[in-house]
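All remarks here apply to the structure that follows.
The values are calculated or read from the model by the stated rules, or taken from the named source; none is laboratory data. Everything numeric in this text was worked out from a predicted model, so none of it was measured. Cβ sites come from the backbone with ideal geometry, for glycine too, and all protein chains shown count toward neighbours.
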Amino acid sequence: MRGDHLGLILFHRDFRGLTGGHLKVWHYLRHAETSRRYRPGVFLTAASRRDASNPFLAGDHDWLQPAWQPERAEALFVAGLDWLAVPAGWGKPIVNLVQGVRHAGAGDPRRRFLGRRAVRICVSGEVADAIRSTGEVNGPVITIPNAIEVPIAGSAPAEHRIPLLVAGWKDAGLTAAVADRLRSTGFDPEVIAAPLPREAFLSRLAAARVVVLLPLEAEGCFLPALEAFALGCLVVCPDCIGNRQFCRDRETCLRPPYALGSIVAAVETAMAMAPAERERIVAAAAVEAETRGLEGERRAFLDVLDHLPQIW
């Protein structure tokens, strides 16, 4: 049990299935467990799934809250549309995790919350730039680059039983088009076109020699690319804005423009790549993934919590 003398930082989640966004909020919940100032609690909405896919139910933790009672908290942690549960006129600190460049879009429902005061943690510099560009942000903006929780394999695995894997559950049409075009040029890719349980997904990545990852065209930080880096894959991932800091073309991966023909051409290049060049890129990707471990993210967040009343 955490000490009752610590103030409660209350998280809010509406969990309908595991996404990268939920995974990252879960990481931050775990980071908060080691705070010297706060103890974390999380409320799951009545509509939330309560099965093995829900990480907020995993392990022996005392963070589950039976009711949404923000008045009991010393601070709130919100992401996405969690803002809908924040009482009007709330006067205590709020930490807002901002995970998408789309939050700055004129038609995005999350943009209207930028005017509510919060300490905003952005998962990439691209996200921070996007929300600042609106001129509507109320409160400090801090960038803590997204981290991953995957052991670093580097170029060590010798057995890649899947020569080519195309993974694109966010855009089924693009995924099918890429796979069909590759088949027409003589390749036989395995395809992931729908979400898999996390362990199954990571297992498929680890088995693949070349992985084509298809994010949305505008992402805040595309974690599967970093996970594939850690697992020793040669990655093809088109430009999606929020992958530019770590997906460096011909250095850590191949990063073609976000267009069908460009993606297929990059895959053909990857499949024909000389072993020495492949090993160079895979090794550089592993180094990049190693800089993105959860410990660095945890320390940066704890520093925010240590000074939250002051920076708020």
Filtered residue count, region 1-29, keeping only those that are basic (K, R) and surrounded by 19 or more Cβ atoms within 10 Å (Cβ to Cβ):
2
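Filter region 9-43 down to the residues that are in a strand (DSSP E or B) and under 20 Å from the mean Cα position of the chain (by Cα) and list them by number. Before the answer, list the steps.
The first filter runs over region 9-43 and keeps only residues in a strand (DSSP E or B), leaving 9-13, 38-43.
Result: F11, H12, R13, V42.
Residues to consider are Q99, Q65, Q69; find the one that is exposed (fewer than 15 other Cβ atoms within 10 Å of the Cβ) and polar (S, T, N, Q). So that I can check it myself, show each step before the final result.
Values: Q99 fails: exposed (fewer than 15 other Cβ atoms within 10 Å of the Cβ); Q65 fails: exposed (fewer than 15 other Cβ atoms within 10 Å of the Cβ).
Just a single option satisfies the conditions, and that option is Q69.
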A128: passes all of (1) more than 19 Å from H27 (Cβ to Cβ); (2) touching a Ser or Thr at 6+ places or on another chain (Cβ under 7 Å) but (1)
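So which of F246, F301 is in the same structural domain as G168 (by TED's automatic domain parsing), hydrophobic (A, V, I, L, M, F, W, C) and either surrounded by fewer than 23 Cβ atoms within 10 Å (Cβ to Cβ) or in contact with a helix residue (DSSP H, G or I) (Cβ under 7 Å, 6 or more places away or on another chain) (or both)?
Working: F301 fails: in the same structural domain as G168 (by TED's automatic domain parsing).
Unique residue meeting the criteria: F246.
Regarding A46, is this residue at pLDDT 95 or above, more than 24 Å from P195 (Cα to Cα), part of a loop (DSSP other than H, G, I, E, B) and in the same structural domain as V119 (by TED's automatic domain parsing)? Explain how you work it out, then say what you get.
Numbers: at pLDDT 95 or above: yes; more than 24 Å from P195 (Cα to Cα): no; part of a loop (DSSP other than H, G, I, E, B): yes; in the same structural domain as V119 (by TED's automatic domain parsing): yes.
Answer is no for this residue.
To keep it simple, each residue is scored yes or no on (1) under 20 Å from the mean Cα position of the chain (by Cα); (2) closer than 26 Å to G139 by Cβ; (3) not hydroxyl-bearing (S, T, Y); (4) not assigned by TED's automatic domain parsing to the domain that holds Y38.
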{"site": "E217", "(1), (2), (3), (4)": "yes, no, yes, yes"}
{"site": "G242", "(1), (2), (3), (4)": "yes, yes, yes, yes"}
{"site": "G261", "(1), (2), (3), (4)": "no, no, yes, yes"}
{"site": "A265", "(1), (2), (3), (4)": "no, no, yes, yes"}
{"site": "H307", "(1), (2), (3), (4)": "no, yes, yes, no"}
When you look at F77, is it at negative phi and free of Cβ contacts under 8 Å to residues at least 60 places away in the same chain, yes or no?
no
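Do we have any residue at all in region 87-100 that's over 22 Å from the mean Cα position of the chain (by Cα), modelled with pLDDT of 95 or more, of a type outside the set (F, W, Y) and not in a loop (DSSP other than H, G, I, E, B)?
No, region 87-100 contains no residue that is over 22 Å from the mean Cα position of the chain (by Cα), modelled with pLDDT of 95 or more, of a type outside the set (F, W, Y) and not in a loop (DSSP other than H, G, I, E, B).
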Any residue in region 282-296 that is surrounded by fewer than 17 Cβ atoms within 10 Å (Cβ to Cβ), in a loop (DSSP other than H, G, I, E, B) and either of a type in the set (A, V, I, L, M, F, W, C) or at pLDDT 95 or above (or both)?
no
